[in-house]
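Computed from the coordinates by the stated procedures, all read-outs in this text should not be read as laboratory data. A quick note: this is a predicted structure, and the numbers were derived from the prediction, not measured. Ideal geometry is used to build each Cβ from the backbone, glycine not excepted, and the neighbour counts take in all protein chains shown.
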Amino acid sequence: MLKNDYDSQVCSIAAALEVVGERWSLLIVRDVMLGLRRFDEIQASLAIARNVLHTRLTRLLDHGVLEKRLYQERPERYEYRLTEKGLDLWPAVVGLMKWGDRYAAPEAGAPVLLEHRGCGGAVDEHRICSACGERLSVRDVRALPGPGATPDHPLRRRVRSAGAAVS
C-alpha cells in the first residue's frame, strides 16, 4: 500500500495526486488510453517490474479509474479498461503531453500525435481540432506515432501488428 503523503493537505489537487500522482500511474492510464489493455502489453511498454505494475493497477482499480474485463476463460485472463472516471483524466493527460511536447520532446519531435477522427485535423492543448474547430473528447481522437516515436514505441508496434492505423 502506498503511503498517503498528503494527509495534511485539504486540496483537490492533493486528493487527485493520491490516486494518479505516483510515478507510474498516469503512464499506465496513458497506455490504456493508447489501446494497451493487457498486463503484458503495459508491462512491456513501461519496462516496469511486474510486482510494481500489479500494485499500481490494483490501486487504479480500487479507485475506480480502471476496470478489469475477462477476455479469456481458460485460463482466466483480463484486460484493463478505463472507466468514465478514468476517461475524465484525458484533459489532464493531453495537457501534460502537450506541455512535454513543447518543453521536453525529443529533437525529432513529438512521440505521439493526436488526430481528430472526424476530419483528420491535429488536436491542440485545449483539445480543439485545428482543422474544423470542434472541441473534442477522448472518443473523438486517435493517437498516431509522431516523428519522435522510437521504433519500439507502443503505437508503432500496434500499427505493425494490426497492419493499419491505430484507433
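Per-structure values
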quantity: Gly133 vs. criteria at positive phi, among the small types (Gly, Ala, Ser) and without any contact (Cβ under 8 Å) to a residue 60 or more places away in the chain; calculated: yes
quantity: Test set (1) surrounded by fewer than 15 Cβ atoms within 10 Å (Cβ to Cβ); (2) of a type outside the set (Lys, Arg); (3) on the phi < 0 side of the Ramachandran plot - Ala47 fails condition number; calculated: (3)
quantity: Unique match (being in contact (Cβ under 8 Å) with a residue 40 or more places away in the chain and touching a Phe, Trp or Tyr at 6+ places or on another chain (Cβ under 8 Å)) among Arg59, Arg38; calculated: Arg38
quantity: Some residue of the stretch 16-23 being surrounded by fewer than 14 Cβ atoms within 10 Å (Cβ to Cβ) and either part of a helix (DSSP H, G or I) or hydroxyl-bearing (Ser, Thr, Tyr) (or both); calculated: yes
quantity: Qualifying positions in the stretch 61-98 - within 21 Å of Asp140 (Cα to Cα), among the hydrophobic types (A, V, I, L, M, F, W, C) and exposed (fewer than 15 other Cβ atoms within 10 Å of the Cβ); calculated: Ala92, Leu96
